[in-house]
Amino acid sequence: MSVEIDNWELTRKTIGDGVLSVVMPFYRLASAAQGNLKAVADLFEEHRIKAQLVPVDDGSGDGTDSEFARLNEDWKYEYVTFRPVVSRRNSGKGAALRAGFEASTGEFVMLLDGDLDINPMQTPVFFRSMVDNKADIVIGSKRHRNSDVQYPWHRRIVSWCYFTLVKIFVGLPVTDTQTGMKLFRREVLGEALARMLVKTYAFDLELLSIAHSRGAKIAEAPVVIRFGQKFGALSPKTVKSMAWDSLAVFYRLRILRYYARAEATKPPKAGTKVSVVIACPKDSWMLSECLAALEKQTYEDWEAIVLPDGDIPLASSDKVRVIPTGKVRPAEKRNIGIREAKGEIIAFIDDDAYPEMHWLEYAIRYFGNDTIGAVGGPGITPPGDGFLANAGGRVYENVLVSGNYKYRYKAGGVRRDVDDFPSCNLFVRKSLLDSLGGYRTDFWPGEDTLLCKDIVDSGKRIVYDPWVVVCHHRRPLFMPHLRQLGRYAFHRGYFVKRYPSNSLHLSYFIPTAFVIYLISCIAICAIAVPSGSVLALLKLLYLSMLGIYAAFVVATTASFNPFKWLLAALGVVASHVTYGVRFAQGLVARKAPCEFIGKDHAAL
């Protein structure tokens with residue numbers, strides 16, 4: 001018992017005048033939330049540990065956030081403070097822990113699963129290990145010789161298999177990565193999180209891999225686990241996702257060497273205001289949804305400038321201004337917004353999109369680097385979109401449609417420099433926009449492509465970050481989706497010959513080549529030819545290639561729902577044909593629509 005007391009004293013001494021932040025992710029644990037949080041708070045209060053509990057509700061939707069609110073109202077601890085975080089959308093454990101870290105302030109940060117399968121009574125053992133080993137990170141290990149683990153057999157098997165693969169492919173000097181209790185020095189955790197990409201099951205592996213690759217020392221501590229016979233989250237889908245994410249970590253760590261060269265973000269000076277510019281034709285439920293999401297942003301120094309054709313009634317807010325513009329194109333509206341903006345950073349978002357709660361916070365951190373002129377992120381399909389709109393989203397996310405640009409429509413991938421990005425999710429320095437004269441107003445769509453061209457030509461970088469997420473409502477299949485895609489394709493074809501610096505890419509020509517192939521295939525197949533002739537062999541070759549293409553379409557659109565599968569497959573083919581034809585039209589056009597004419601953007 002005296003050893004335990006000594007360890008608590010060591011813990012208090014190590015924390016000193018600082019604070020221990022305990023970040024606890026919760027997902028659908030409403031019934032246990034208050035009890036578990038009180039248990040942790042009581043423990044630290046009893047031992048006079050200056051602690052900060054940071055529970056994170058990861059979009060549970062079961063009332064967990066209400067349990068946080070009720071507990072916050074009755075909080076009466078002397079040594080322990082309470083700072084809950086609520087995410088509107090379930091984004092995975094990694095995103096939840098990062099959100100909790102951003103809200104925390106402690107010099108030491110402990111990550112502790114909200115279900116309390118691991119008792120926080122072991123906290124002083126972790127501090128003892130950190131001090132004795134002069135470690136930056138201490139992780140709980142089920143394989144530690146002093147661990148007391150009651151673990152179901154099926155989880156033991158999965159855990160052993162996973163550990164073996166991690167040891168072989170990643171080479172971390174640890175015996176366990178997945179135990180839900182870890183202690184970090186703040187600066188080490190912050191440096192690793194700044195380079196994180198995984199949001200879900202392989203979060204722990206990636207976090208430790210980054211920290212270790214950057215020189216952090218990792219020690220292990222024993223744990224006591226009473227897991228019972230819960231099956232937990234180990235469904236076949238979970239195991240598959242974890243394996244895939246883990247392979248991605250190995251690929252980025254050992255093949256790409258991404259973590260070694262990924263730059264840390266550098267936030268701008270305190271007090272940097274962001275002006276969110278929203279071009280729209282009129283009021284709508286989607287605009288209200290967008291503004292409501294802005295009100296929930298974790299970064300609070302912002303204003304919104306709404307630019308409708310005519311005046312619209314909005315709920316009173318000192319952060320939102322409405323500036324009627326008349327019937328002009330989106331580029332002209334955005335230029336008005338730029339002139340009226342009070343912020344140093346301009347954030348462009350469409351009225352049919354809404355941002356995740358950390359949108360501003362994650363983007364703003366890049367603008368302390370003077371070489372970066374703009375930042376963009378994915379525009380994902382909202383989970384609540386209708387069946388046909390969701391099908392349109394699946395088409396955009398398909399690798400056969402978006403190819404190397406899939407990252408624009410689906411969260412994930414690595415941070416990268418890009419030369420073109422859409423205005424539905426784009427941050428730009430106001431000073432840079434002023435120097436460039438804002439958007440070109442003689443094109444729609446395509447004005448954002450030209451703005452990005454001007455940014456890159458000015459010597460500034462455009463950075464894509466997969467965490468800077470907005471949800472962008474899709475056009476439903478088929479005609480609304482194809483009309484929108486066709487407009488993009490026409491202007492891309494036109495820009496290839498007139499503004500090639502960020503449009504002359506081989507991938508944009510592939511759909512047109514596919515259309516030419518289809519026309520040739522139809523022509524050859526329509527001709528009756530004798531067997532064994534050159535034309536017969538050519539016909540066989542064309543049909544074989546068509547079969548391979550069909551197999552790829554079927555494979556990449558696969559779904560357990562046959563209607564989703566069929567719609568997505570037909571949508572991919574229709575998108576290829578539409579883009580190919582419209583791109584060719586733009587390529588040969590003498591001028592593009594909206595270059596010399598002024599039409600109401602809402603009517604096009």
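Scan the range 520-564 residue by residue and report those that are among the aromatic types (Phe, Trp, Tyr) and either within 30 Å of residue 390 (Cα to Cα) or surrounded by fewer than 14 Cβ atoms within 10 Å (Cβ to Cβ) (or both). I'd like the intermediate steps shown before the answer.
At the first step, the residues of the range 520-564 found to be among the aromatic types (Phe, Trp, Tyr) are 542, 549, 552, 560, 563.
Scanning the range 520-564 gives 549, 552, 560, 563.
Evaluate the following for residue 349: is it closer than 30 Å to residue 563 by Cα, crowded, with 22+ Cβ neighbours inside 10 Å and outside the structural domain of residue 197 (by TED's automatic domain parsing)? Spell out the reasoning first.
Working: closer than 30 Å to residue 563 by Cα: no; crowded, with 22+ Cβ neighbours inside 10 Å: yes; outside the structural domain of residue 197 (by TED's automatic domain parsing): yes.
Judged against the criteria, residue 349 is not a match.
Inspect all residues belonging to the range 300-322 and state whether any of them is surrounded by fewer than 16 Cβ atoms within 10 Å (Cβ to Cβ), free of Cβ contacts under 8 Å to residues at least 24 places away in the same chain and at positive phi.
No - not one qualifying residue is present in the range 300-322.
Select, from 131, 125, the only residue that is at pLDDT 75 or above, under 23 Å from residue 24 (Cα atoms) and in the same structural domain as residue 24 (by TED's automatic domain parsing).
125
So in the range 224-279, with the set limited to residues that are among the small types (Gly, Ala, Ser) and more than 30 Å from residue 29 (Cβ to Cβ), which one is modelled with the highest pLDDT?
Step one: list which residues in the range 224-279 are among the small types (Gly, Ala, Ser), which gives 228, 232-233, 235, 241, 243, 246, 248, 260, 262, 264, 270-271, 275, 279.
Now restrict to residues that are more than 30 Å from residue 29 (Cβ to Cβ): 260, 262, 264, 270-271, 275, 279.
Numbers: 260: 80, 262: 80, 264: 75, 270: 82, 271: 86, 275: 98, 279: 95.
Here the answer is 275.
Check every one of the helices (runs of 4 or more DSSP H) wholly within the range 1-107 and list those with 3 or more residues that are in contact (Cβ under 8 Å) with a residue 12 or more places away in the chain and farther than 27 Å from residue 470 by Cβ.
Hits in the range 1-107: 2-15, 30-46, 64-73.
Just give me the residues in the range 89-108 being hydroxyl-bearing (Ser, Thr, Tyr) and more than 22 Å from residue 245 (Cα to Cα), in sequence order.
Selection gives 104, 105.
Can you tell me how many residues in the range 175-205 are part of a helix (DSSP H, G or I) and either of a type in the set (Lys, Arg) or in contact with a Ser or Thr (Cβ under 6 Å, 6 or more places away or on another chain) (or both)?
Adding up the residues that qualify gives 3.
Considering only residues that are in contact (Cβ under 8 Å) with a residue 24 or more places away in the chain and surrounded by 13 or more Cβ atoms within 10 Å (Cβ to Cβ), which ones fall in the range 158-175? Please lay out each step first, then the result.
Within the range 158-175, the subset in contact (Cβ under 8 Å) with a residue 24 or more places away in the chain is 158, 162, 165-166, 169-170, 172-175.
Scanning the range 158-175 gives 158, 162, 165, 166, 169, 170, 172, 174, 175.
What are the residues in the range 206-221 that are assigned to a helix (DSSP H, G or I) and buried (at least 23 other Cβ atoms within 10 Å of the Cβ), if any?
The answer is 206, 207, 208, 209, 210, 211.
Can you run down the residue pairs with Cβ atoms below 8 Å, 6 or more apart or on separate chains, where the first is in the range 133-145 and within 18 Å of residue 189 (Cβ to Cβ) and the partner is in a strand (DSSP E or B) and of a type in the set (Lys, Arg)?
136/185; 137/182; 137/185; 138/182; 139/182; 140/182
Just to be sure before I move on: is residue 293 under 30 Å from residue 210 (Cβ atoms), small (Gly, Ala, Ser) and in contact with a strand residue (DSSP E or B) (Cβ under 8 Å, 6 or more places away or on another chain) in the structure I sent?
So residue 293 passes the test.
Tell me yes or no: at least one residue of the range 557-570 is among the charged types (D, E, K, R), over 23 Å from residue 514 (Cα atoms) and at pLDDT 85 or above. Quick ask: steps written out before the conclusion?
The initial filter retains those residues of the range 557-570 that are among the charged types (D, E, K, R), namely 564.
Okay, now just the ones that are also over 23 Å from residue 514 (Cα atoms), so 564.
Narrowing the set further to residues that are at pLDDT 85 or above leaves 564.
Yes - at least one qualifying residue is present in the range 557-570.
For the condition in contact (Cβ under 8 Å) with a residue 24 or more places away in the chain, within 30 Å of residue 573 (Cβ to Cβ), of a type in the set (Gly, Ala, Ser) and in contact with a helix residue (DSSP H, G or I) (Cβ under 6 Å, 6 or more places away or on another chain), what is the one hit in 391, 353, 374, 411?
The conditions single out 391.
Got a sec? Which of 42, 65 is among the acidic types (Asp, Glu) and more than 23 Å from residue 15 (Cα to Cα)? Even if it seems obvious, please write down each step before you answer.
Working: 42 fails: more than 23 Å from residue 15 (Cα to Cα).
Sole residue among the options that is among the acidic types (Asp, Glu) and more than 23 Å from residue 15 (Cα to Cα): 65.
What number of residues in the range 394-408 are in contact (Cβ under 8 Å) with a residue 24 or more places away in the chain and among the small types (Gly, Ala, Ser)?
So the count comes out to 1.
The values are calculated or read from the model by the stated rules, or taken from the named source; none is laboratory data. None of the values given here were measured: they were computed from a predicted structure. Glycine also receives a Cβ, built like all others from the backbone with ideal geometry; neighbour counts cover every protein chain displayed.
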